[in-house]
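Peer 1: Would you mind keeping the following structure in view while I ask a few things?
The values are calculated or read from the model by the stated rules, or taken from the named source; none is laboratory data. Since this is a predicted model, take the numbers as computed values, not measurements. Don't worry about glycine lacking a Cβ; one is built from the backbone with ideal geometry, like all the others, and counts go over all protein chains shown.
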Amino acid sequence: MPITSRQHPVCKLVRALHDGKNRRRHGSFVVEGGNGVAAALGARWPIQRLLGAPEDLKKGWADLAREAGIETLEMDDDVLASICQAQTSPGVLAIVQMPQSLSFAAWRAPDGLALLLDGIGDPGNVGTLLRSADAIGAGAFALTENSADVFSPKVVRASAGSVFHVPIAPQTSPENWADLCKREKLPLILAVARDGENCFDFSWPHRCVLALGHETRGVSAELEKAATARVTIPMFGRAESLNVAAAGAVLLYAWRQNQEKYA
């Protein structure tokens, strides 16, 4: 029988996982919608439970979950909608395990480009940037502690499954990132609205960290001091600048184009 009460323990757990402290305490986060669930299944990510409206589970989700040994629970569509942050019912929802806890000191930036977001609090922008980083084959995705939580439902949904594809560094301070770049001899490239090198003419290092800051405040002073280069997207119309998610996508593809050109 489908779950019909909004006070069911599973409903209470999903609502609790909307909060970052509870996500860390339970070691779990929520994935809303078929795209994200399919990405988690494809990445063989540890899924603890799959919830769905009966009609949606009949569309193959129940069979996929059974093959993977995942517990499946049917839930009235209204009840499912009530525990989600999406404006419309996602049809299916998964409770999945957070990545193995890793201290920042033990983390090493991988080969290629690592995208670092500093002070970007809008979940939609963070998720979109994660999706763009995935699209260009970034080696890592990272956020400072004053940015949005990458495992919040809104970020996960905006990433369209990319949260399961790109290695995510532990969220830590700008100071730690500045130190890491120095220790690992990683070029730290800052995105700036003006007076940087043209991003399409810039000679991008293969292995580097691209840092995007708050649209008004920019990056933290520690990253500003540690920067080895600054890049700017040229403007040809009357717009002063781009939204951070749009700017990030342009810069990521500028890096990728440069890699392909000199491969």
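Peer 1: Can you find, within region 149-200, the residue that is nearest to ARG24 (Cα to Cα) among those that are within 10 Å of the chain's Cα centre (by Cα) and polar (S, T, N, Q)?
Peer 2: SER152
Peer 1: Looking only at region 4-17, how many residues end up being of a type outside the set (Lys, Arg) and in contact with a helix residue (DSSP H, G or I) (Cβ under 6 Å, 6 or more places away or on another chain)?
Peer 2: The qualifying residues number 2.
Peer 1: Further, regarding this structure: Among the residues in region 144-164, are any crowded, with 20+ Cβ neighbours inside 10 Å and either assigned to a strand (DSSP E or B) or not assigned by TED's automatic domain parsing to the domain that holds GLN257 (or both)?
Peer 2: The answer is yes; a qualifying residue exists.
Peer 1: To continue, here is another question. So which residues in region 11-46 are of a type in the set (A, V, I, L, M, F, W, C), surrounded by 15 or more Cβ atoms within 10 Å (Cβ to Cβ) and under 18 Å from the mean Cα position of the chain (by Cα)?
Peer 2: Kept after step one, since they are of a type in the set (A, V, I, L, M, F, W, C), are these residues of region 11-46: 11, 13-14, 16-17, 29-31, 37-41, 43, 45.
From what's left, surrounded by 15 or more Cβ atoms within 10 Å (Cβ to Cβ): 11, 13-14, 16-17, 29-31, 37-41, 45.
Result: LEU17, PHE29, VAL30, VAL31, VAL37, ALA38, ALA39, ALA40, LEU41, TRP45.
Peer 1: Using the structure shown, decide if ALA62 is more than 30 Å from THR144 (Cβ to Cβ), out of contact with any Cys (no Cβ under 8 Å at 6 or more places or on another chain) and surrounded by 14 or more Cβ atoms within 10 Å (Cβ to Cβ). Give the derivation first.
Peer 2: On the way: more than 30 Å from THR144 (Cβ to Cβ): yes; out of contact with any Cys (no Cβ under 8 Å at 6 or more places or on another chain): yes; surrounded by 14 or more Cβ atoms within 10 Å (Cβ to Cβ): yes.
Yes, satisfied.
Peer 1: Output the qualifying pairs, or none if there are none: Cβ atoms under 8 angstrom, residues six or more apart or on different chains, first residue in region 186-206 and over 16 Å from ASN243 (Cα atoms), second residue of a type in the set (D, E, K, R) and loosely packed, with under 14 Cβ neighbours inside 10 Å.
Peer 2: From residues that are over 16 Å from ASN243 (Cα atoms), the pairs are HIS206/ASP111.
Peer 1: Within region 107-148, can you find the residues that are within 10 Å of the chain's Cα centre (by Cα) and among the aromatic types (Phe, Trp, Tyr)?
Peer 2: PHE141, the sole residue that qualifies.
Peer 1: Among (1) modelled with pLDDT of 90 or more; (2) in contact with a Gly (Cβ under 6 Å, 6 or more places away or on another chain), which single condition is ASP56 missing?
Peer 2: Unmet for ASP56, out of (1) modelled with pLDDT of 90 or more; (2) in contact with a Gly (Cβ under 6 Å, 6 or more places away or on another chain): (1).
Peer 1: Here's something else I'd like to know. Specify the residue that is farthest from GLN257 (Cα to Cα); the eligible residues are those in region 193-206 that are at pLDDT 95 or above and among the charged types (D, E, K, R).
Peer 2: By that ranking, first place goes to GLU197.
Peer 1: All but one of (1) at positive phi; (2) modelled with pLDDT of 95 or more hold for GLY33; which doesn't?
Peer 2: Against the list (1) at positive phi; (2) modelled with pLDDT of 95 or more, GLY33 comes up short only on (2).
Peer 1: Related question: Inspect region 198-212 for any residue being surrounded by fewer than 20 Cβ atoms within 10 Å (Cβ to Cβ) and aromatic (Phe, Trp, Tyr) and give the result as yes or no.
Peer 2: Yes, region 198-212 contains at least one residue that is surrounded by fewer than 20 Cβ atoms within 10 Å (Cβ to Cβ) and aromatic (Phe, Trp, Tyr).
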